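Working notes, beginning with the structure itself.
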Amino acid sequence: MALSYHCPKCDALLNPNERVVLIASYNNQKGIVLMSSQLGDYQVICDKGFCHEVAAGDTIDFICPVCHGSLTAKNHEHFAELKIVNSEKENHAPCLLRFSRVSEEHATFLYDGDSVKEFGEEAGGFHDEMTIEGDWGW
């Protein structure tokens with residue numbers, strides 16, 4: 001499945017190739033982060049200087065590299081959010097993706113308007129917050 005990741009604010013395409021490009025900020029330090037575009041794959045490539053500053057459990061701010069808007073979810077500050085479109089399907093309705101802002105916490109949720117899919121070992125801990133009835137802002 002070919003997924004296109006977009007900023008929910010400016011709609012800019014954030015994965016011009018196989019990686020999702022974001023700006024990450026922690027303790028007044030910023031760096032470029034390349035995340036996998038495959039759901040459930042938590043491999044990240046980032047500036048070594050920035051990654052050296054971040055430890056497991058630290059909360060990171062993610063920022064759109066185009067509009068510089070915060071990607072923190074309004075209704076769930078523990079998560080960042082992006083818009084996803086399946087570019088292989090014509091007229092595919094956008095989905096909302098939320099992923100944990102906490103370093104090394106693997107919890108990702110994909111909401112398509114009808115169902116919620118979970119990815120990551122820690123996703124179960126947020127299951128009650130990310131149900132279909134949860135506040136997805138749609």
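Bear in mind that the values in this text are calculations on the coordinates, not laboratory data. Since the model is a prediction, treat every value here as computed from it, not as a measurement. As a convention, Cβ positions derive from the backbone with ideal geometry for all residues, glycine included, and neighbour counts pool all protein chains shown.
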(request) Having 1 or more residues that are touching a Lys or Arg at 6+ places or on another chain (Cβ under 6 Å), surrounded by 14 or more Cβ atoms within 10 Å (Cβ to Cβ) and at negative phi is the bar; report the strands (runs of 3 or more DSSP E) wholly within the range 22-138 that clear it. (result) 29-36, 79-86, 108-111
(message) Looking only at the range 1-14, how many residues end up being closer than 20 Å to Thr108 by Cβ, surrounded by 13 or more Cβ atoms within 10 Å (Cβ to Cβ) and over 12 Å from the mean Cα position of the chain (by Cα)?
(response) 4
(request) Among the residues of the range 23-46, write down those that are within 16 Å of Glu104 (Cα to Cα), among the hydrophobic types (A, V, I, L, M, F, W, C) and in contact (Cβ under 8 Å) with a residue 40 or more places away in the chain. (result) Leu39
(request) May I ask you to list the residues in the range 66-116 that are within 22 Å of Asn17 (Cα to Cα) and charged (D, E, K, R)? (result) Glu81, Lys83, Glu88, Lys89, Glu90, Arg98
